[in-house]
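Just so it is clear, none of the values below were taken in a lab; they were calculated from the coordinates. Computed from a predicted model, the values in this text were never measured in an experiment. Backbone-built Cβ (ideal geometry, glycine too); neighbour counts: all protein chains shown.
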Amino acid sequence: MPASASPGPPVEVRGLTKSFGSVRAVDGLDMVVRSGAVTGFLGPNGAGKTTTFRMLLGLAAADSGTALIEGLRYAELARPTTVVGASLDSAGFHPGRTARDHLRVQAPFAGVDNRRCDEVLAQVGLTEAAERRVGGFSTGMRQRLGLATALLGDPRVLVLDEPANGLDPEGIVWLRGFLRHLAHERGRTVLVSSHVLGEVQASVDDVVVIARGRLVHESSLEDLVALADPRVRVVTPDLAGFASMARRSGWSAEEDPTTGSLVVTGASPTEVGAAAYRERLEIHGLAEEGGSLEAVFLRLTADPHEVAP
Amino acid sequence: MKPDQGLALVPALRSELRKVLSTRMWWLLAVVLLAYLAFLGAVMGFSLTTDPESMTGGLGTVTELDGRTVAETVYTLAVSLGYVFPLVIGALSMTAEYRHKTITPVVLAEPRRGVVLGAKLLVGALLGAVYGVVGTAGAVLGGLPFLLTKGDGAYLGDRAVLTDLAFSVLALAIWCVIGVGLGTLLTNQIASVVVILAFTQFVEPVLRLGLVAIDALAGVQKFLPGAAAEALAGSSLYSSTGMLGLLDRGWGAVVLLAYAAGFALLGRYLTLRRDIS
């Protein structure tokens, strides 16, 4: 591609549709991913995330619509692994091949040498396991090797399907930091799917939420957070006094029996603290809770045709 | 093939070669093939150099063969009885990608699926030639002691025999290419191997002997792939023992290559164009 040509957005999906039999897996999906940011591609299981990725990556043919990477269909990309790196759950490894050999098999397509294979193994923390056969790898190690494969051609765009699956808590923390580093310090565009909002909450800049193959929400993470009712956890010896104060203020309050604390919904910590001060209620702890984002996620992805429980 | 696809084959070929060299399967099968053909070569070398009168059972009805025919028959045993090895190896090169789901990274790296298949066919030919050399060498090594001690000699300096050896290698190389096409058409590894074993060990031998018994169809058996490969190698356990006729060498090559092209094209346009899950 000539340097003067301005490529399209890293990822652009327009009217993308695909059916399996009578089921519309992806149904007229539109989305645009911002360059140099981490975008969370969220939706419950079966929402069409993987199918969207498969069409974007040329593994599956769309019934209609387009899915473009830097303005081109995947099949039109020259040396695709140097433009977009992908890690998919459905991608496997030959169990008899070592981690290093798995990368060496992919290396000629990216035009990279053995040194680069070792480099990406180091980046994902698999240096020690480089000469081990993949058959003995844990799920988390396979995830890391999948990520190393995606990074091999030093692509500008990363498409990662549920990369946190199978990672231990330490691995998840590492992944968050790594994705943010790639986007914010190395200028890469990262599109990462998940069915658990909490998993990506700490690492994404933007969110795209889909349900039943359709776009239901597209915004920055802050705008999504703004949709959530604020929740405040209060530790107090006077549960009854606090509950009645919350009710009088128009907030809902619920006792959390496991910790003996009170969860107040509908107010910010500042409001709760100020009200407690006015009414001379004793506070031992006051903390904002992010958990209500899950409620927004559930609300956004709920099936409108299904009767709420 | 478009002109730019020629160059595109280079990384795909390098990748395929690395796949072969990075797993143990290929070496193990080569050792088994060598041992198997050495055993068959020894058995046939012994049988064909032993006076039929002194044998109970076996090829008792066979007319006495001259020394060169015995050498040709023994040395091309890999084509008559060992071709299942390169055929399976060829099929595995594609079915293993589907079995271990490595087909996904492969087509992510090279979305032109025709290029992926083209590289596999070429590496299949190369690998098949290696198996051809191993299998042919096994038959020669196994048969040699008996031909030298009990028969009329090794005939390894004989031009016609050496030609047969070379074409035996070529026939086995093409078998491997056929395997690649078959594995592409039938991507399920178990199904692919079962079909290969059933066809080579049962269906084709029965068909070849059965069709000869029906006058109107007697010529058809020559066009079966196993018979065409034997024609290409120039000799056959069946033909030298007078049981079945073969095409001449050139037509054998044409028929065998037609099978290779047919399976590859069917695989490319029936299976390989589908969505990859």
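Within 10 Å of each Cβ in B:213-224, how many Cβ atoms from other chains are there, averaged over the peptide? Spell out each step's value before the answer.
On the way: counts 0, 0, 0, 0, 0, 0, 0, 0, 0, 0, 0, 0.
So the per-residue partner count for this stretch is 0.
Quick one: which residues, 5 or more positions from B:THR102 or on another chain, have an amide H under 5 Å from its amide H? H modelled 1.01 Å from N in the peptide plane, none for Pro or chain starts.
Residues meeting the amide H criterion: A:GLY92.
Pop a pseudo-label 7 angstrom from the Cα along the beta-carbon direction at both A:LEU239 and A:TRP174 and give the gap in nm to one decimal.
Between A:LEU239 and A:TRP174, the label points sit 4.1 nm apart.
Tell me which of B:ALA261, B:TYR36, B:SER168 sits at the most positive position along the dipole axis of the range B:3-271, charges placed on C-beta atoms (Lys, Arg +1; Asp, Glu -1).
Farthest towards the positive pole: B:ALA261.
At a threshold of 8 angstrom on Cα-Cα distance, excluding pairs fewer than six apart, so keeping six or more, what relative contact order does chain B reach in percent? Each step should come with its number before you reach the end.
Details: 436 pairs, mean separation 72.1, N = 277.
Relative contact order comes out at 26 percent.
Quick one: if the Förster radius is 22 Å, what FRET efficiency do A:SER22 and B:LEU265 give, using the C-beta to C-beta distance and rounding to 0.05? The partial results should precede the final answer.
Working: r = 33 Å, r/R0 = 1.49.
After rounding to 0.05, the efficiency reads 0.10.
Return the calculated 222 nm mean residue ellipticity for chain A, to the nearest 500 deg cm²/dmol, obtained by summing -39500 (n - 2.57) across DSSP H runs with n ≥ 4 and dividing by the residue count.
On the way: 10 runs with 100 residues, N = 309.
Value at 222 nm, helices only, nearest 500: -9500 deg cm²/dmol.
With the calculation restricted to Cα positions, what are the radius of gyration and Dmax of chain B in angstrom?
19.7, 65
Of the options B:THR102, B:GLY245, A:ALA47, report the single residue whose Cα projects farthest towards the positive end of the charge dipole of the protein assembly as shown (beta-carbon charges: Lys, Arg +1; Asp, Glu -1).
It is B:GLY245, whose Cα lies furthest towards the positive end.
If you take the beta carbon distance between A:TYR277 and A:LEU298 as r and set R0 to 25 Å, what does 1/(1 + (r/R0)^6) give as a FRET efficiency, to the nearest 0.05? The partial results should precede the final answer.
Numbers: r = 34 Å, r/R0 = 1.36.
Calculated value: 0.15.
Only helical DSSP H runs with n ≥ 4 go in: add -39500 (n - 2.57) per run for chain B, normalise by residue count and round the 222 nm mean residue ellipticity to 500 deg cm²/dmol. Please list the in-between numbers first.
Values: 13 runs with 195 residues, N = 277.
Rounded to the nearest 500, the figure is -23000 deg cm²/dmol.
List residues of the range B:164-202, by number, whose backbone nitrogen lies under 15 Å from a label position 7 Å along Cα→C-beta of A:ALA75.
From the range B:164-202, the list is empty.
Suppose a student asked you for the relative contact order of the range B:60-169, using Cα pairs under 8 Å spaced at least 6 residues apart; what percent would you report?
Values: 68 pairs, mean separation 52.2, N = 110.
Dividing the mean separation by the residue count of the range B:60-169 yields 47 percent.
Mind ranking A:47-54, B:179-186 by how tightly packed they are, going by the mean number of other C-beta atoms within 10 angstrom, highest first?
On the way: A:47-54: 24.2, B:179-186: 27.5.
With the highest mean Cβ count within 10 Å placed first, the list reads B:179-186, A:47-54.
Within chain B, what is the number of lysine pairs with alpha carbons under 18 Å apart, leaving out pairs fewer than eight places apart on the same chain? Walk me through the intermediate numbers first.
Values: B:LYS2/B:LYS120; B:LYS19/B:LYS101; B:LYS19/B:LYS120; B:LYS101/B:LYS120.
For chain B, the number of qualifying lysine pairs is 4.
Order by neighbour count: B:MET25, A:MET31, fewest other Cβ atoms within 10 Å first, most last. Intermediate results must be reported in sequence, preceding the final value.
Numbers: B:MET25 13, A:MET31 20.
Lowest count first: B:MET25, A:MET31.
Taking the DSSP beta bridges in chain A as the whole, what percent of them are antiparallel, to the nearest 5? Don't skip to the answer; put the middle values down first.
Numbers: 35 of 53 bridges.
Around 65 percent of the beta bridges assigned by DSSP in chain A are antiparallel ones.
For peptide B:20-28, what's the mean number of Cβ atoms from other chains within 10 Å of each residue's Cβ?
The shielding value for this peptide is 3.
Which net charge results when you count Lys and Arg as +1 and Asp and Glu as -1 among the other residues whose beta-carbon is under 10 Å from that of A:SER268? Don't skip to the end; give the middle numbers.
Values: positive: A:ARG231; negative: A:GLU271, A:GLU288.
For residues surrounding A:SER268, the net value is -1.
Counting only Cα, what are the radius of gyration and maximum Cα-Cα distance Dmax of the protein assembly as shown, in Å?
Gyration radius and largest Cα-Cα distance of the protein assembly as shown: 32.9, 119 Å.
Using a 10 Å cut-off around each Cβ of peptide A:99-107, what is the average number of partner chain Cβ atoms that fall inside? Let's see the in-between values first.
On the way: counts 0, 1, 5, 5, 0, 6, 13, 8, 5.
Per residue, the number of nearby Cβ atoms from other chains is 5 on average.
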